[in-house]
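Heads up: the structure comes next, in structure tokens.
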Amino acid sequence: MRVVSLLLLWLLSIGTSQAAELQRVGQRAATSTCIGDASSPRCTVDTLMACLARATRGLCQRVGAEPPDPMPEPRAVEYVVERESVIRADEITDDLRDVAWFRPGYRLMEIQVRSCANDAADCDNESWEDLQVYLRLQGSQWRIVHWRAPGDPDAEPLVPEAFRPRAE
């Protein structure tokens, strides 16, 4: 009975430790405390989200991401990192062998993202979009080598709909 109880507690701890946490970044405030820091994959992604939310090219450049051109209008962004994984050599198929951003040891962050007006209390009325961010460790800093919405061609990343200017 004790073994079953310990196993159940362990399984519950796995589920809670991997729970996705809603993050928000706006023009003046953010839930993340590490924007501008590229010492971890998570902080690097937080910096990319701040770049897009605040329309600040320098934040994109700080983490190695190519800023969108033209930059979108500043908006509040909510996002959830759903999964973080390390790309293994056995995951590289023939069709991915020549893709520069899919290499062993690179990190893949799968994210749900939505945006709304900066003055909105939340983005609950907006739709979630998928975003993938590929990172690699360069020295002691993480660099974004590619970011894209799933289904985008394996070329330059497209700006997700959540970051495109809205036709009013």
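If the condition is being without any contact (Cβ under 8 Å) to a residue 40 or more places away in the chain and not charged (D, E, K, R), then region 44-59 contributes THR47, ALA50, CYS51, ALA55, THR56, GLY58, LEU59. Scanning region 84-140 for residues that are surrounded by fewer than 12 Cβ atoms within 10 Å (Cβ to Cβ), out of contact with any Gly (no Cβ under 9 Å at 6 or more places or on another chain) and assigned to a strand (DSSP E or B) returns a single hit, SER85. Tallying residues that are in contact with a Ser or Thr (Cβ under 9 Å, 6 or more places away or on another chain), assigned to a loop (DSSP other than H, G, I, E, B) and crowded, with 18+ Cβ neighbours inside 10 Å within region 33-63 yields 3. The set of residues from region 64-75 being over 25 Å from SER140 (Cβ atoms) and surrounded by fewer than 23 Cβ atoms within 10 Å (Cβ to Cβ) comprises PRO68, ASP69, PRO70, MET71, PRO72, GLU73, PRO74. So if I check each of THR33, THR56, THR93, THR47, which one is among the polar types (S, T, N, Q) and within 16 Å of HIS146 (Cβ to Cβ)? After ruling out the rest, the residue left standing is THR47.
Take region 67-111 and flag every residue that is touching a residue at least 60 places away in the same chain (Cβ under 8 Å) and under 18 Å from the mean Cα position of the chain (by Cα). Result: PRO68, PRO72, ARG75, VAL77, VAL80, VAL81, GLU82, ARG107, MET109, ILE111. Condition check: over 19 Å from ARG114 (Cβ atoms) and of a type in the set (Val, Ile, Thr). Does THR93 satisfy that? Spelling it out, THR93 is indeed over 19 Å from ARG114 (Cβ atoms) and of a type in the set (Val, Ile, Thr).
Of the residues making up region 15-28, those that are at pLDDT 90 or above and assigned to a loop (DSSP other than H, G, I, E, B) are GLU21, LEU22, GLY26.
The values are calculated or read from the model by the stated rules, or taken from the named source; none is laboratory data. Worth saying up front: this structure is predicted, and the values here are computed from it rather than measured. For neighbour counting, all protein chains shown are included, and Cβ atoms are generated from backbone atoms with ideal geometry for every residue, glycine included.
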